[in-house]
Each structure stands twice: as structure tokens, then as C-alpha cells.
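Working notes, structure below.
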Amino acid sequence: MTSVDMPHKILIVDDQISFINYMVEVLEKAYPSYEVFQTTDPTRAFEIASTEQPNLIILDWAMPGLSGIELMKQLKADEYLKGIPIIMCTGVMTKSSHLKEAFSAGAVDFIRKPIDELELIARVNSVMQLSDSFREIKTLLAHREKLFSIVAHDLRGPIGNLAPIMDVILSQPGLNLDESSRSLLESSRQAVVDTVRMLEDLLLWANNQRNRLEFEFQNQDIVFLVRSQISVWKAMAMNKNIEIVSEMPDHAYAYFDYNSVKTILRNLVGNAIKFSKPGGKIYITVQPGIETTYVSVRDEGIGVAPENLSRIFNTAEHFSTYGTNGEKGSGLGLLLCKELIERNKGEIGVESEPGKGSNFYFSLPNQEPD
């Protein structure tokens, strides 16, 4: 639905019927396709707003019983009505302090009585355009939510099940595949694994953008996290005969969210494997400090060109390169790492030299930040 075919509704609330009749006449003449609702009763106004969901409410300030400001506060407190723009209209409360009070309560504009016809039309037109844009954005956001729901539930599961199925096929003793066929099947399995990881990164990044990720920050042992994942990372590195070496103390406590830091390490180690040559080594280091604990993932791979270092964590552009075995990435992994480490009140950086490898490192606070 576009702004052309969206229904346009305006609700006018004023205790003086003469002002209502004047505004209705002006608006119906200027906007013959709009529906204009009216009432002199503030309580009735809330009911009409709930039922009709108008695009705009023109609200008188000084009304007996319930003032316009009080009604506006009730509307803004309602989950389904708080997004409706409100123009405050008054011939009494005209001081600068009143203007500030109206905007603080949620008004988007302010009209002084007596109302000029051209001013009324101009202000209504401006607010209605904003209302149309807001409704289109809400529609786009709803479509985005639907897309991510499909990716999360209808796409990730079936694709994720392909890798175990291929593992079962490859492990069959009587399969008798020639070298070319087995290589093709193994490459297909790796492509499935890479696709699943890209989907995971996409969903995590999207959920972080929408503030849908839950974080549980506490003082805990980062060394325990690394050791619990070493076997997973070694399995990832097995196909390229890459050795993973850990250099860390028995314990190193920091203040962080376990799941998000695990995701950061998964991405950094995965990238190190991707850009390492077969037979190389990857070093995972934990260094506790007085106020900060540092973690690094260093490889001996192909490295990053100096002109590309600034692009790695740049959210304004998409940067992705192929691994040493032609592995393709989404470019989201490192952006996700940057956002997650910032949520953990830490910092992330990289040092690299082409042909000699890269060192990605990040910091975590040792205690809860102020």
C-alpha cells in the first residue's frame, strides 16, 4: 500500500462547535478525499481515535473537564494510539512556555486561534505527509520482520540439516566414490556449512540491530569459554590440517556476556581458518590486565592489504574476500563482532601484514563499567 491509496482520516476535538465547523469546511474543501471526524467531548475523542485510528488529531487545549494536554497524555500512553501525530490548537495558551509544554506532552505542531485558512491547510498537509511516510515505514518494517522470520524458521533449519546428512553419506563404508566425486561432495558439504554460518551471522546482526538480542553480563572466566570451544574450532580446522594453539593462564576473569563473546570468538577463529594456508597455525591468546583482559586470535595466513584494513569494521560499506580454499564469507561476521564487543563495553582491532598473517584482538572490562 502506498501513500496514494492509504485512507486519510482526521479527528478534530474542540469544545466550541463553531471552530469545529470552520475547520471541517476548510479541510473538506482542501482535501475532499479525507474523512474528517469531530467531537466536543474529550472522552468520546479517545473512543473515536481507538476505533478509527486517524492519521492526525487536531486538539483544542482549553476544554472543560479534560484539557487537551491531559487527553494528549492519555493518547500517548496508549500502545496503539501513541503514534498518531497531534496538532495542538488554542487561543488561550499562547505563551512560549505553553508551546514548550505542548511539545513536551507529544504534540508535533501548534496552531493559534483565530485560525488562518492557509496556515491550517499548510500545517495539516505537512503533518499528513509525515504520517504517510511513517505508515509506509511501518509497512516496510513489518515486511522485514516477516522476511527474517522466514529466514530463521523456514530456511535455516532445512539448510542446517544438509550437513549432517552429507556426513552420513560420506561415512558409508561401501560408498565407493571416485576421488572426483568425493571431492565434489565434500566441497558441497563445506558450502552448506558456510551458508549456515552466514545465516547465523545475518540473523544475529539483524536481531542486534533491532535490539532483540538478550545480554546477561557477569564476572566470569574467559579462559573457561575458550577451553570449552577449542574442540569445536579444531574440528573446523581439521579439513585444512591447521593446528590451533592456545596461550593463556589457568583463569582470567572479565565482565562480559557469555554467548555474544562466544560468537565473537567463533567468527574470529573461523576467519583465521578461512585465510590460513593448509598446515598453518592459529594462536589464541588471553592476557589478563589490571582493568582489562585482552584476547587475540592470530594466524599465519595471507593477511590483509593495508588499504583494506580500514574497511574491515566499516559499517558503511560491504567488504568480503575469498579464503585460501575459495571459501566465501558474507562480510557481516566482523561487523557483528564489532557491534557485539561494543555492547560488552570493549574494543576490537586488527594488525596485519600481507603474506604473514593477521592478529585480531579485543578487550573486555575486568569489572562492571560505571
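The values are calculated or read from the model by the stated rules, or taken from the named source; none is laboratory data. All values reported here derive from a predicted model rather than from experimental measurement. Cβ coordinates were reconstructed from backbone atoms using ideal geometry, including for glycine residues, and neighbour counts include every protein chain displayed.
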Sort through 38, 16 and tell me the only one that's in contact (Cβ under 8 Å) with a residue 40 or more places away in the chain and surrounded by 14 or more Cβ atoms within 10 Å (Cβ to Cβ).
16
Residue 75 vs. criteria outside any strand (DSSP E or B), in contact with a helix residue (DSSP H, G or I) (Cβ under 8 Å, 6 or more places away or on another chain) and under 17 Å from residue 131 (Cβ atoms):
yes
Give me the strands (runs of 3 or more DSSP E) completely within the stretch 252-370, filtered to those with at least 3 residues that are of a type in the set (Phe, Trp, Tyr), at pLDDT 85 or above and over 30 Å from residue 239 (Cβ atoms), ordered by residue number.
253-257
Matching residues in the stretch 68-93 - criterion: being aliphatic (A, V, I, L, M), surrounded by 15 or more Cβ atoms within 10 Å (Cβ to Cβ) and either within 15 Å of residue 45 (Cα to Cα) or free of Cβ contacts under 8 Å to residues at least 24 places away in the same chain (or both)
69, 71, 72, 75, 81, 84, 86, 87, 88
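Out of 131, 104, 97, I need the residue that is exposed (fewer than 13 other Cβ atoms within 10 Å of the Cβ), among the polar types (S, T, N, Q), under 36 Å from the mean Cα position of the chain (by Cα) and not in a loop (DSSP other than H, G, I, E, B). Which one?
104
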For the stretch 107-125, the count of residues that are buried (at least 17 other Cβ atoms within 10 Å of the Cβ) and part of a strand (DSSP E or B) equals 3
Name the pairs: first residue in the stretch 42-57 and farther than 13 Å from residue 72 by Cα, second residue part of a strand (DSSP E or B) and among the hydrophobic types (A, V, I, L, M, F, W, C), Cβ to Cβ under 8 Å, at least 6 apart or on different chains?
48/11; 48/37; 52/11; 52/37; 54/10; 54/11; 54/37; 55/10
Pairs please, first residue from the stretch 247-267 and surrounded by fewer than 16 Cβ atoms within 10 Å (Cβ to Cβ), second anywhere and among the acidic types (Asp, Glu), Cβ atoms under 6 Å, 6+ apart in sequence or on different chains.
251/221
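Matching residues to (1) within 27 Å of residue 344 (Cβ to Cβ); (2) in contact with a Leu (Cβ under 8 Å, 6 or more places away or on another chain):
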{"residue": "181", "(1), (2)": "no, no"}
{"residue": "234", "(1), (2)": "yes, no"}
{"residue": "261", "(1), (2)": "yes, yes"}
{"residue": "267", "(1), (2)": "yes, yes"}
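Out of curiosity, is residue 234 out of contact with any Phe, Trp or Tyr (no Cβ under 9 Å at 6 or more places or on another chain), without any contact (Cβ under 8 Å) to a residue 24 or more places away in the chain and not aliphatic (A, V, I, L, M)?
yes
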Checked against (1) surrounded by fewer than 20 Cβ atoms within 10 Å (Cβ to Cβ); (2) farther than 24 Å from residue 363 by Cα; (3) in the same structural domain as residue 345 (by TED's automatic domain parsing); (4) β-branched (Val, Ile, Thr), residue 242 satisfies every condition except (1)
Out of all the residues in the stretch 268-291, which are of a type in the set (S, T, N, Q) and buried (at least 17 other Cβ atoms within 10 Å of the Cβ)?
271, 276
